[in-house]
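Presented below is the structure to which this report refers.
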Amino acid sequence: MKKFWIATKDAFETFLHVPGTVTRKGSHVRDSIDLKRIMILVVIALVPAALFGMWNVGYQHGLAVGDTRLNILGNWWWGFLRVLPLYIVSYVVGLFIEFFSSGLRGEEVNEGYLVSGFLIPLIVPVTTPLWMLALAVAFAVIFGKEVFGGTGMNIWNPALLARAFLFFSYPSAMSGSEVWIAHKAGESLVDGFTGATPLALDSAAQYSNTVWSQFLGTVPGAVGETSVIAILLGAFILLWTGVASWKIMAGSVLGALFVGGIGDLAGITAIPCWQQLIVGGFAFGTVFMATDPVTSAQTETGKWIYGILIGALCITVRLFNPGYAEGMMLAILMGNTCAPLIDHIVTSSRINRRAKKLLKAA
């Protein structure tokens, strides 16, 4: 119990500043950019998508009940009150497990869940029951992170594991038109209103009417995934600060365009390949999830392969799996699984080439 309280005290004490302690022997490096600062930069990059998502929750509610007034602050406040409980549950459950696990191991609390806790409410429907979210967070943190040794040791992205847990355990709460629109109990909706996301539309004519709306973000969807503009702003912050890899982002886009182009030529889909980039969770996943430095490829060549694999798998699932119209979640989890193998192959090939050069030189 004493170790638990020490770990908790240190976590709060060092949240906003770097402690002045130094190593007693060996080398010591002081740097203003540590794990905590990297995690905070990612959270800052996520803020535009979160703020817009909150407004969009209120905007979609207004459309559902027939209120079409331009009420920016009112819509945002309504959405904020609906999203806030998701954040409270995400952080309370996740941080409790993080602190408890660190205390049991006698280690300091790492800052990895700072980002995961912020991500999870952005990638689930706003109507997700809080008890379901609590179960998903507990599963993701315990079985996706702590069993591997904590932050930096996990194989899969914890936030995506939480979404996968919800999707496969409670599919009715994660699919269908009604899960994307938050409304009060007993509140009547406008006749003929639908909360279908663009990927769920069944005709090219319907979809073409949503292209600008999807880029702007005024469409139903998970809280943080709708606005490509807000996501691109976050991407700029991550790339400018050097936190995320542009190679992974570019590779994902290239892989999606390649498979999407094949689908266009074969007449499999009526959606042009370039429009696949702005629908569903592709943009959000590419910028914030695929670039996770822990679960992505580490070698420079491997980052290209890893990104291309994710983009290609995402569009493949969209084109050939009618039971799951999205694809990005499964693609990134598969990419996480293959990342160590990709790095191993890239490293081994380089070692073999150098060995051959040395043999020739000898």
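The table that follows gives values for the structure above.
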item	result
Cα convex hull of the range 225-326 - mean projected area over all directions, nm²	6.3 nm²
Area of residue 236 that stays accessible when all protein chains are in place (1.4 Å probe, Å², to 10)	130 Å²
Computed over the range 53-161: relative contact order in percent, which uses C-alpha pairs under 8 Å that are six or more apart	25 percent
Evaluated over the range 280-362, the Cα radius of gyration and Dmax, each in Å	16.1, 59
Surface accessible to a 1.4 Å probe, residue 47 within the full protein complex, Å²	50 Å²
Between the range 65-120 and the range 213-279, the alpha-carbon center distance in angstrom	24 Å
Relative contact order of the range 210-319, pairs being alpha-carbon contacts under 8 Å that are 6 or more residues apart, as %	35 percent
Sequence of 253, 42 when ordered by accessible area, the most exposed leading, probe 1.4 angstrom	253, 42
Accessible-area composition of the range 213-276, carbon plus sulfur, in percent [1.4 Å probe]	76 percent
Label point distance in nm, residue 325-residue 350, each placed 7 Å from Cα along Cα→Cβ	4.3 nm
Exposure rank, largest accessible area first [300, 98, 111; 1.4 Å]	300, 111, 98
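The values are calculated or read from the model by the stated rules, or taken from the named source; none is laboratory data. This structure is a prediction, so every number in the text was calculated from the model and none was measured. Positions of Cβ are generated from backbone atoms using ideal geometry, with glycine treated the same way; all protein chains shown enter the neighbour counts. SASA here: full protein model, heavy atoms, side chains in, ligands and nucleic acids out. Shrake-Rupley method; radii C 1.70, N 1.55, O 1.52, S 1.80 Å.
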